[in-house]
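Participant: Below are the structure tokens for one structure; questions will follow.
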Amino acid sequence: MNIKLISVLTGSLLSLSMIINCGGKLGNNPKSSKDFPGKSIYEANCSPCHGMKGEGDGPAGANLNPKPRNYAKDGFKYGSSIEEVKRTVVEGIDGTAMPPWSNVLSDEQIVQVAEYVKFLASQSVE
């Protein structure tokens, strides 16, 4: 075998090994909810209405009208980019029970919660 072919094969094997070891994902993509610092903030502040999995089934949300959003099923009302989700957390949603959280959470916590909510939305609802 020539050196070029050996280099290509070695590179391919290393890439495959990285994919397998990263659970099929490259980069710093979190694999589970435990990988998010915003999880505990979400659980303390958001889950009473939105539920632990973001399915809109929290105990405090049972009698709300409109019902809290189910992130995975319903998506986002004002956009799904991280900036749009952050803005919703900061400003709240008029006409709903969703309050503005800017006086409760720090900017860093809002980013962390938004990232966790995006993770919940990416999970399939079965």
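Each reported figure results from applying straightforward, stated rules to the coordinates on display, with no laboratory input. Please read all numbers here as calculations on a predicted model, not as lab measurements. Here the Cβ is made from the backbone with ideal geometry for all residues, glycine too, and neighbour counts use every protein chain on show.
Participant: List the chymotrypsin sites (Phe, Trp or Tyr not before Pro) in the range 37-126 that DSSP assigns to loop (not H, G, I, E or B) and whose Cβ has at most 14 other Cβ atoms within 10 Å. Which are they?
Facilitator: Tyr78
Participant: Let me ask you something else. Placing +1 on the Cβ of each Lys and Arg and -1 on the Cβ of each Asp and Glu in the range 32-122, which of Pro66, Ser80, Ser40 has its Cα farthest towards the positive end of the resulting dipole?
Facilitator: Selected residue: Pro66.
Participant: Classify the range 41-124 as rounded, prolate or oblate from the Cα gyration tensor: take a ≥ b ≥ c as the square roots of its eigenvalues, call it rounded if a/c is under 1.5, otherwise prolate when a/b beats b/c and oblate if not.
Facilitator: The shape class here is rounded.
Participant: Can you give the local net charge around Phe119? Use residues other than it whose beta-carbon is closer than 9 angstrom to its beta-carbon, Lys and Arg +1, Asp and Glu -1.
Facilitator: That sum, taken over residues with Cβ under 9 Å, equals 0.
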